[in-house]
Number of protein chains: 4
Amino acid sequence: MVPSPIALTDLDAMPEADFVAALGAVYEHAPWVAAGAAALRPFGTVEALADAMRAVIEAASDEARLALLVGHPELAGRAARAGRIAQASVEEQAAAGLDRLSEAEYARFEAMNAAYRERFGIPFIICVKRHGRASLLRRFEARLASDPEAERRTALTEVFRIGAIRLSGLVEGAGRLRTTGRLSTHVLDTVRGRPAAGIGVALHEIVSDTESVLVARAVTNADGRTDAPLIGGRPVPIGTYELRFALGAYHRAAGHDLPDPPFLDIVPLRFGVSDPEGHYHVPLVATPWSFQTYRGS
Amino acid sequence: MVPSPIALTDLDAMPEADFVAALGAVYEHAPWVAAGAAALRPFGTVEALADAMRAVIEAASDEARLALLVGHPELAGRAARAGRIAQASVEEQAAAGLDRLSEAEYARFEAMNAAYRERFGIPFIICVKRHGRASLLRRFEARLASDPEAERRTALTEVFRIGAIRLSGLVEGAGRLRTTGRLSTHVLDTVRGRPAAGIGVALHEIVSDTESVLVARAVTNADGRTDAPLIGGRPVPIGTYELRFALGAYHRAAGHDLPDPPFLDIVPLRFGVSDPEGHYHVPLVATPWSFQTYRGS
Amino acid sequence: MVPSPIALTDLDAMPEADFVAALGAVYEHAPWVAAGAAALRPFGTVEALADAMRAVIEAASDEARLALLVGHPELAGRAARAGRIAQASVEEQAAAGLDRLSEAEYARFEAMNAAYRERFGIPFIICVKRHGRASLLRRFEARLASDPEAERRTALTEVFRIGAIRLSGLVEGAGRLRTTGRLSTHVLDTVRGRPAAGIGVALHEIVSDTESVLVARAVTNADGRTDAPLIGGRPVPIGTYELRFALGAYHRAAGHDLPDPPFLDIVPLRFGVSDPEGHYHVPLVATPWSFQTYRGS
Amino acid sequence: MVPSPIALTDLDAMPEADFVAALGAVYEHAPWVAAGAAALRPFGTVEALADAMRAVIEAASDEARLALLVGHPELAGRAARAGRIAQASVEEQAAAGLDRLSEAEYARFEAMNAAYRERFGIPFIICVKRHGRASLLRRFEARLASDPEAERRTALTEVFRIGAIRLSGLVEGAGRLRTTGRLSTHVLDTVRGRPAAGIGVALHEIVSDTESVLVARAVTNADGRTDAPLIGGRPVPIGTYELRFALGAYHRAAGHDLPDPPFLDIVPLRFGVSDPEGHYHVPLVATPWSFQTYRGS
């Protein structure tokens, strides 16, 4: 159901009304941003288009900018639960797990949403695709303690990030925006001096001491890699992760005589992601009795 | 409250009644084993004493051996809960966490105990000090499927293991029994080329996918080691463990400029123990961006 | 001066005389091989062409095959020194350093050449591009002890290898022959968690305990790799190599406060190559106080 | 022929003449230093004795101190070649290889000795036991460029270092001087998860690009270590070293099916020593396809 992207060259050439129809939803409830940018065509690169839309917002009146912020839905808020928010927002919040919170968690969000709106006069806005659940909560708490002016600036920055990701999904062309990261792995068998094929790998997001969420599963191929990155084509949400490798099963299948339980069976590699648009390559170099990892490239 | 050990040379020289009083509890409800061994003095080494006690049991009648097995308490059984078992057994079962089971777990043990006694005519006997909780359950299930003759032999082997550990705690002298293992670590900082001091280390037993139990805590000293082994002077229970190192806090304190969250913060090293009397040295060699471990020596 | 390769499709279509002119030198002094293969066109893949030429040789008379072997020049022999051998052979021997031997080495080759010819009635033939100098000598000595029938077979296998490499250089098309290997490296800085750029790398062939020959020099780029493989587009000669990394200079430039001399300055990684058509990726993962390597992929 | 050390308690108690006889050679041709220290007895610790002897020198007249410096032999000088220097100096210079220089090297030392004496009015003094041959030459060159006052201070510091090492060899007692370092290794086999026994290890000092000197040879024991440190009980001379491990032979003996040549055969670990009184532990953690080292503890 993902619509196919529009070519930037087409956007540069189409009637203004079509342009606004195509990009009106990039900024939530604010088609005037696309309308303002339409006059500045042609852009040539997606980056130039994104810059132009940001410039329209920066050049707008304080009232218009405030309305833009106010138009955003709360995180896990009543509007979201009642289905009264933009479709893009629905999907973004669902991807962050915000549609599956417990009643206690909803209540906590409600309380923070209320406190935030009371203090700053706008809803709490954050680019949810760039954060794991624990990171969302930490930022929410940190920003509740911010001062109003800085906080509006922060909110606007997040609005720009949301817009950039939406724009990247809608438009195809030269000068792509930096809105995606990558999380990949590969496994090397240093007993046999070659890539380890057929190893089951699971990627978990560590939400708290007691809760982790399965993000992806894969099996290594003949090159010791997964056929696709474990996370790719989108930001890698800020958070703590564990890659878990079924190393014991691999070594048993390779004919190693392992003790019971083996010294290394399921091997977890725990690491943090702080740069959602970065490339996190986290390899496993292993024998039945040793392993290591490093941030690779 | 641990009584100080008796010198083997004293045991070799004391009146028979004192000898039996000293060692009568090595085999549960079976002072006749000590009595039989008394006549074989002097021993010279603890190993020879242990061999002699085992030989007394092997040479006894089938009835006497069966009674010895029958005299053992069930694991987490009614007698244990009611306090009607030998003091040594109480402590051994408590160390394995069997005095802190949930009602569901008790019920499971009750059912397995009943099935085992029904099938083999003896209580399920295992040297609990050599097993973590998950290992206990796995062995219990595996042995329920064994055949009666092999199972009596297995039970007797476990009785010997229990006796060896009790004897080691009671007697001091040459030729010590191999009844203890060791679990140790050290941390090396390869950014600075020296041991990493002041790193918090926690050892957890991984009971299941969702449950882990804290076994020990320590902080590394100037040599990057813990002042005492994390487990020492006793068997290392068979099971799966995680050492968790507070590496992020160490690197922050050392002045490294880390991202938030850091790539490496709490570093878990997960490994299995299959040889309770072995030495498991599990070092961490680390930088803010890489780490490794191996079974060391 | 390397002639540009001919397209296989052109070879498949051209007059027979042109085909023989184009491929007549693939087998030394034996244009009859190309002539025989010409009748079997079209081939479709380079592999099929190579197979056909080998089949022509296998189907020829014993006399013709012997003449083919006898037509090869000796290694570092008089004919080579006097320039009376095929141009392709001149270049192959020069690449192996056989045109720069000391008088003592020439004398040794002369003696082995004479002994070999005396024993087997053919010159010693080996695909020199697949061997470093030490490996050439070891094989020469080993093959002197072989029996005549096996040795003729071995000589023919080497002739096929030489032919395959020559053919690969002459013809372009689908189904390429496996005649090239690769030797590459990359350097990872695990203090900073990123590729190490600007590190000088030298590749040496270790000829003996006292002699090594510089094969290639490079500097790592922003990705920690060299812009081109250290060896590529040709077989990696069988032998022992050392990669030498100027790690100390890199760490000093990065602002590390190193002792004098540094713990790690020039870091040699010594490794052997046994599969000339394989990919040898030999990375360096390093800090100022630690390093490692493995056969990567 | 090494005389057994004298107990400090005896030195504290013996007649002054005996004390001076015992320690008169600690400072070259300067028994007045021992005589001066005799009056300050008892010392209690070797450190206090060493401090007292240094204090005697510091408190002496400029003329006496200059005479002390002038009394030292040149490095590899005519007096040394003619045997006209103190026995301790003979041995110290021989240990540094200065009795086995080529004529060209002697000539170079002669020239530097002459230039140094011309410039500073004293012989070039350095504690040779703390330097490898390359380090000696580098320091000699660096100090030739120093200014006279700083250089006399440096010369005196070296005299104190020479005295401390001589004193350590002569006297036994509490409060030992820090005059010895250690160079050790151990090898871990991470295919089998245990120490690698029976591995041949050679320690070479790298004198220049083309010259290395064998310092020690050993074979690893069951614990993967050498029975004694490769260097111990003396300073580890400042310089560059290579540990060379016969890893290929070990893996072949262990039944691994290795290619010919193996990927890892002789594994050199090259490292620098800058702190002669430090402990350099340089382990090898290896499989047939990977290895690593770090400065251990």
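The values are calculated or read from the model by the stated rules, or taken from the named source; none is laboratory data. None of these values were measured; they are calculated from a predicted model. Methodologically, a virtual Cβ is constructed for each residue, glycine included, from the backbone with ideal geometry; neighbour enumeration extends over all protein chains shown. The accessibility values were calculated without ligands, DNA or RNA, using every heavy atom of the protein model including side chains. Shrake-Rupley method; radii C 1.70, N 1.55, O 1.52, S 1.80 Å.
Between copies, the label points of residue B:71, set 7 Å from Cα on the Cα→Cβ line, lie 8.3, 8.7, 9.5 nm apart, reported in increasing order to one decimal in nanometres.
Each of B:32, C:289 has its accessible area taken with a 1.4 Å probe; listed largest first, they run B:32, C:289. Taken about its Cα centre, the protein assembly as shown carries a charge dipole of roughly 0 debye when the Cβ of each Lys and Arg holds +1 and the Cβ of each Asp and Glu holds -1. Taking a ≥ b ≥ c as the square roots of the eigenvalues of the Cα gyration tensor, region C:38-161 is classed as prolate, since a/c reaches at least 1.5 and a/b is larger than b/c.
Please name which of C:127, C:113, C:183 has its Cα lying farthest along the dipole of region C:108-183 towards the positive end, using unit charges on Cβ (Lys, Arg +1; Asp, Glu -1) and the Cα centre as origin. Selected residue: C:183.
Per residue, the average separation of C-alpha pairs within less than 8 Å and at least 6 apart gives chain B a relative contact order of 16 percent. Computed over every Cα-Cα pair of the protein assembly as shown and binned at 10 Å starting from 0, the pair-distance distribution P(r) comes out as 2, 7, 12, 14, 15, 16, 14, 11, 7, 2, 0, 0 percent.
Rolling a 1.4 Å probe over the protein heavy atoms gives chain C an accessible area of 43 Å² per residue. With its label point put 7 Å out from Cα toward Cβ, residue D:40 sits 6.7, 8.1, 9.4 nm from the same residue's point in the other copies, in order from shortest. Under a 5 Å amide H cut-off, with hydrogens placed 1.01 Å from N, residue C:216 pairs with C:203 among residues at least 5 apart or on other chains. Relative contact order of region C:20-69, taken over Cα pairs closer than 8 Å and 6 or more residues apart, is 32 percent.
Think of region B:193-264 as having a plus end and a minus end, set by charges on the Cβ of Lys, Arg, Asp and Glu; of B:207, B:235, B:262, B:235 sits farthest toward the positive end of this dipole.
The magnitude of the dipole of region B:119-185, with charges of +1 and -1 set on the Cβ of Lys/Arg and Asp/Glu and taken from the Cα centre, is near 240 debye.
Scalar couplings 3J(HN,Hα) for region C:173-178, obtained by applying the Karplus form with A = 6.51, B = -1.76, C = 1.60 to θ = phi - 60°, are x, 5, x, 5, 6, 8 Hz; x denotes Gly and Pro. Interface residues of region C:156-195, defined as those with an accessible-area decrease of at least 20 Å² between the chain by itself and the complete set of protein chains (probe 1.4 Å), are C:188, C:190, C:191, C:193. Each other copy places its own label point for residue D:208 at 2.0, 7.0, 7.2 nm from this one, sorted shortest first, where the point lies 7 Å along the Cα-to-beta carbon line. Computed from phi, the 3J(HN,Hα) profile of region D:97-107 under the Karplus parametrisation 6.51, -1.76, 1.60 (θ = phi - 60°) reads x, 6, 8, 10, 6, 6, 4, 5, 5, 4, 4 Hz, with x in place of Gly and Pro. For region B:111-161, the square roots of the Cα gyration tensor eigenvalues, ordered a ≥ b ≥ c, give a/c of at least 1.5 with a/b no greater than b/c, which places it in the oblate category. Near the amide H of residue A:186, within less than 5 Å, lie the amide hydrogens of A:282, A:284, all on another chain or at least 5 residues away, with H placed in the peptide plane. The residues of region B:262-285 listed by number as losing at least 20 Å² of accessible area in the complex, against the isolated chain and with a 1.4 Å probe, are B:263, B:266, B:268, B:270, B:271, B:272, B:274. Tell me the mean residue ellipticity at 222 nm calculated for chain C from its helices only (DSSP H runs of n ≥ 4, each -39500 (n - 2.57), averaged over every residue, nearest 500). Computed mean residue ellipticity for chain C: -12000 deg cm²/dmol.
Shown in residue order for region B:142-152 are the 3J(HN,Hα) couplings computed by the Karplus curve 6.51 cos²θ - 1.76 cosθ + 1.60 at θ = phi - 60°: 5, 6, 4, 9, 6, 9, x, 5, 4, 5, 5 Hz (x for Gly and Pro). Solvent exposure of residue D:51, expressed as accessible area, is near 80 Å², computed with a probe of 1.4 Å over the protein chains only. Of all beta-carbon atoms in chain D, the one sitting closest to the axis that brings chain D onto chain C gives D:292, 1, with the distance in whole angstrom.
A straight Cα-to-Cα reach below 16 Å connects residue A:129 with the aspartates and glutamates A:28, A:74, A:91, A:92, A:99, A:158, A:205, A:275, A:277, residues fewer than 8 places away in its own chain not being considered. For region B:9-154, the relative contact order is 17 percent, taking Cα pairs closer than 8 Å that sit 6 or more residues apart in sequence and dividing their mean separation by the residue count. Taking the Cα centre of region D:175-297 as origin and assigning +1 to Lys and Arg Cβ atoms and -1 to Asp and Glu Cβ atoms, the resulting dipole is close to 480 debye. The apolar share of the surface of chain B, taken as the fraction of accessible area on carbon and sulfur atoms (1.4 Å probe, ligands and nucleic acids excluded), comes to 53 percent. Largest to smallest in accessible area, the residues D:43, D:291 fall in the order D:43, D:291 (1.4 Å probe, all protein chains included). Using a 1.4 angstrom probe on protein heavy atoms only, the contact between A and B buries about 2200 square angstrom of accessible area, both sides summed. With a Förster radius of 60 Å, plug the Cβ-Cβ distance of residue B:99 and residue D:157 into 1/(1 + (r/R0)^6) and report the FRET value to the nearest 0.05. Efficiency at R0 = 60 Å is approximately 0.35. Simple spin-label estimate for residue B:277 and residue A:61 gives 8.8 nm between the two label positions (7 Å along the Cα-to-Cβ direction from each Cα).
Summarising the amide proton neighbourhood of residue C:181: residues at separation of 5 or more, or on other chains, whose placed amide H is nearer than 5 Å comprise C:233, C:234, C:236.
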